[in-house]
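The values are calculated or read from the model by the stated rules, or taken from the named source; none is laboratory data. Here the structure is a predicted model, which means the values were calculated and not measured. As a convention, Cβ positions derive from the backbone with ideal geometry for all residues, glycine included, and neighbour counts pool all protein chains shown. We work out accessible area using only protein heavy atoms, side chains counted, and drop any ligands, DNA or RNA first. Shrake-Rupley method; radii C 1.70, N 1.55, O 1.52, S 1.80 Å.
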Amino acid sequence: MSIPKIELHLHIEGAAPPAFIRGLAQEKGTNLEGVFNHDGSYRFENFKQFLSVYEAACTVLTGPEDFGRLTTAVLEQSIEQGVIYTEAFLSPDFCGGGDVGAWREYMHAMQEAAAKLPQIEMRGIITCIRHFGPDQAKTAAICARETAGDFITGFGMGGDEMQGAQGDFAYSFDMAREAGLRLTTHAGEWGGAESVWQAVRDLKVERVGHGVQAIDDPALVDHLAEHQIVLEVCPGSNVALGVYADWRSHPIEKLRERGVPVTVSTDDPPFFHTTLSEEYDLLGHHFGWEDETIRAVNVTAANAAFCDAATRDKLL
Ligand code: ADE
Ligand code: ZN
């Protein structure tokens, strides 16, 4: 399928090919026991294990140069998938531990790597990690405020949605908004429709990461449609992690039919054995998406992208 694609929800570390992480582990003599299956894929059986394997894999990414190389590897994968614009979640927690000076060096390494690939445009969404708590989130928000600009255009939150409430992080989201950053948060992946309500009410985000459990609350579905709050839907991720038992029971098509603006992303593609082309192929297979639907979804994504108007116009 040759339609140019836009991806709005991709974790830079979560997009690391297992071989890339293994290579760094070997270079550094780091023992990554328990991280990989015998066939070399990432090893986890549920969301909690996923988060801990993810964090273990991150321990081999120890400096700006590693993140520069990672960015190149990830963007090359995206280019292969026909992606022309991508937004990646970048976490100061894994890039210098929240120190602004260190973060700046990591960010420059990623920005420079991205600038070398003219086939794709990248923007960074600084991401705090919910299970690291609101205080740690503030250090991520300060990094975001200090580096907001042409490359860092958004602020968001990932991690374990079952810990705390969205509103516990309002201070950080307010700081990011005041710095001119656009906002998204993971909600309604694990925390139900209530978590999506909290995201729009307490954090005032304009996009929601996943958001799919909104389907369980008709008033919320109406609200998302009425206010055109865009969902970054990652169906393959949801099925791989067991949010939905299979593709047929995934609510993306129901949400779309009810007027909710949906977009399609891969989240952490090598973890979930997926690619963006595979996601669209399966949407075609299970829900009859044709090229016209795929084009329309990518127009939705272009309009929801955290970029300037001139860049957006080039995507449309
Ligand atoms: N970080 C990386 N992938 C994630 C996901 N699917 N949910 C929450 N946090 C994440
Ligand atoms: Zn995610």
Task: Within the accessible area of the range 259-304 (1.4 Å probe), percent carbon and sulfur - done: 47 percent
Open item on the list: Tell me whether the range 172-279 comes out rounded, prolate or oblate; compute the Cα gyration tensor, take square roots of the eigenvalues as a ≥ b ≥ c, and use a/c under 1.5 as the rounded threshold.
Closed with: oblate
Task: D_trans [Stokes-Einstein, Kirkwood Rh over alpha-carbon pairs] for the range 219-316, 4 °C, 1.567 mPa s, µm² s⁻¹ - done: 92 µm²/s
- [ ] Using the structure shown, list the pairs from LYS204/LYS254; LYS28/LYS116; LYS116/LYS204; LYS5/LYS254; LYS28/LYS48 with a Cα-Cα distance above 28 Å, or answer none.
- [x] LYS116/LYS204
TODO: Report Rg(Cα)/(2.2 N^0.38 Å) for the range 5-306, keeping two decimals.
DONE: 0.93
Open item on the list: Check which residues have an amide H placed less than 5 Å from GLY209's amide H, if you skip close sequence neighbours.
Closed with: THR185, HIS186, ALA187, GLU232
Open item on the list: Below 8 Å, C-alpha to C-alpha, sequence gap of six or more: please give me the relative contact order for the chain in percent.
Closed with: 18 percent
Task: As computed over the range 138-184, the Cα convex hull volume per residue (Å³) - done: 68 Å³
Task: DSSP beta bridge pairing in the chain, given as percent antiparallel to the nearest 5 - done: 5 percent
Open item on the list: Rounded to the nearest 20 debye, what is the charge dipole size of the chain about its Cα centre when +1 sits on each Lys and Arg Cβ and -1 on each Asp and Glu Cβ?
Closed with: 320 debye
Task: For the range 23-78: accessible area per residue (Å², 1.4 Å) - done: 51 Å²
Task: For the range 97-231, the spread of Cα positions along each principal axis, largest first, Å - done: 45, 36, 24
Open item on the list: Using helices alone, I'd like the mean residue ellipticity at 222 nm for the chain: each DSSP H run of four-plus residues gives -39500 (n - 2.57), total over residue count, nearest 500.
Closed with: -13500 deg cm²/dmol
Task: Per-bin percent of Cα-Cα distances, the range 1-100 [10 Å] - done: 14, 44, 34, 8, 0
- [ ] Can you tell me what the convex hull of the Cα atoms of the range 36-161 projects to on average, as an area in nm²?
- [x] 8.1 nm²
TODO: Roll a 1.4 angstrom probe over the protein heavy atoms and tell me the percent of accessible area of the range 1-154 that is carbon or sulfur.
DONE: 48 percent
TODO: Describe numerically, in nm with one decimal, the distance between label points set 7 Å from Cα along Cα→Cβ at GLU112 and at GLN49.
DONE: 4.0 nm
TODO: Helix by helix through the chain, keep the DSSP H runs that span 18 Å or more along the axis on Cα and average at least -0.5 on Kyte-Doolittle, and give those back in order.
DONE: 64-80, 100-115, 291-304
